[in-house]
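Colleague: Take this structure first; my questions come after.
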Amino acid sequence: MLRLLRASALRPRACLLQTRCISTNFDARPRELSASGQSARVIFGAKVAATQLGALSRSSGMSKVLVVRDRDAAAASRTQYAEFLLMQAGLPCFQYTLERDCATLEGVDHAVSTAQRVGADGVVGFGGGNAMDTARAVAAVLTNGGSAVDFVAVADVEDDHEEVKLQQGTLDITPLLLVPTIAGSGAEVAKSTVLLDEDAETKVFFAAGKDIVPALTSLGQCLESYLLGCADDATNALALEGLEAVAGALAAPLKEGKLDLKGAVLREQFAIGSLLSGVAANSSGTGAAQALALSMGGISDLPHAQVATAFMPFVFDRYAELASENEGDPFFDELREKLENATDRLTAASGFQGANVAAWLRYVITRFDLPTASTLELEESLLNGLVDRAAQYQDESMQVSRSDDNGAIMEKDDLRSIIDSAVLVMEPTKEDDK
């Protein structure tokens, strides 16, 4: 069984609007939070890792642990604490540090080799989404043998990224615990893992991100899941609660113009938003912002949260345009109503009145001086492939997540329109052609 932990300093928070408010201290068995979006156990609460990491590792059958972590300096000190907890429980452990700022096929194979060399029979992912993705893939390869590429679900030589087949129940896995230390897009509960094919040449340039970026990504993922529609009302309610959690956490910082990311309440709200965004996306399928960011992973190892956040205002511009262009169509009239409802909820939670979802997002991005898509440069020759990959990822995600016949709202033309509106397209120079 895949067991999932959330490590963060948490305090209770009040319910927002009419959304069903779940406790911020809970142990939810599979499908208890969401019948359609939660396939694994989730334990959430203050000091969960400190009090239960060792015991859960032992009870899951681990006797020697590989800890997969991010490669930044802060991750090193955080992981030392995880090692202490595991060793305190009598479990020898060994670290594997990501070699790049993204999860890769080659990195998974290196981590598996490390686990085999030290005799690890359990895996703990401790860090951000890339550590979660790598740990999940390592747990599958360790049990089933071979290398990461053997588990690629869709292997198209023209694709620059591969999706590893790790849906719950598809493969047996080594005992696995996932402890996210960064609030992002809910990678800890994802149904599949996306890994970068390192043969791709990096051709994208983007300004450095800030710690708030992953939280906005989770908010955007909750928004798109709500627009796409989750499989059941309970999961739709979780999507709305997730967006309100993040927007509510930003209320005081938006007013004051500064963000204290060490605050326990803010971290708790970001954490619950991240978790719920992952649950909602498992039920609804992947939206356009995430699909574009993931497809960008084929040509760069940029953190997809940075790209997704930069694209989000343009994505929601396009949703609004589609609703306006198709006025009178029941589906798009409902889409317009959902956008209006989302705007109202963002306003109520954050205290900032935006004309629409896109305006609210642009205000937040400007207020905290976050990178925008205008700083993202793409070569013209890359665009068609990027759009194709994003559309393909959306379609595959819908097939995995949805049991109905509904698909993605954004089609290829819409995705291309978003890119054209958002980024600087570079014409190749003569030197590039040589």
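Colleague: Among 235-247, 113-125, how do they line up by average Cβ neighbours within 10 Å per residue, starting with the highest? Before the final figure, lay out the partial values.
Modeller: Working: 235-247: 26.8, 113-125: 19.7.
Order by mean packing, descending: 235-247, 113-125.
Colleague: So, one more: Exposure proxy check: Cys102, Cys222 ranked by fewest other beta carbons within 10 Å?
Modeller: Details: Cys102 22, Cys222 33.
Listing Cys102, Cys222 from fewest to most nearby Cβ atoms yields Cys102, Cys222.
Colleague: Under a plain spin-label model, where a point goes 7 Å from the Cα along Cα-to-Cβ, how far apart in nm are Asn326 and Thr143?
Modeller: According to this spin-label approximation, the distance is 4.0 nm.
Colleague: Once the convex hull of the C-alpha atoms of segment 323-397 is built, how many Å³ does it hold per residue, rounded to a whole number?
Modeller: 150
Colleague: If I model a spin label as a point 7 Å beyond the Cα along the Cα-Cβ vector, how far apart are those points for Asp333 and Val265 in nm?
Modeller: 4.2
Colleague: At Ala251 and Asn406, where each label point lies 7 Å from the Cα along Cα→Cβ, what is the point-to-point distance in nanometres?
Modeller: Taking the two extended label points, one gets 2.9 nm.
Colleague: Grab the other residues whose beta carbon is less than 10 angstrom from that of Ala76, score K and R as +1, D and E as -1, and report the net.
Modeller: Values: positive: Arg69, Arg71, Arg78; negative: Asp70, Asp72.
Within the 10 Å Cβ shell, the charges total +1.
Colleague: While we're looking at this one, here's another question. Determine the distance separating the Cα centre of segment 19-98 from the Cα centre of segment 250-277; give it in Å without decimals.
Modeller: Each part reduced to its Cα centre gives a spacing of 22 Å.
Where a number appears in this text, it was derived from the coordinates with a stated rule and is not lab data. Everything quoted here is computed from the prediction, not taken from an experiment. Please note: Cβ atoms are built from the backbone with ideal geometry, for glycine as well, and neighbour counts cover all protein chains shown.
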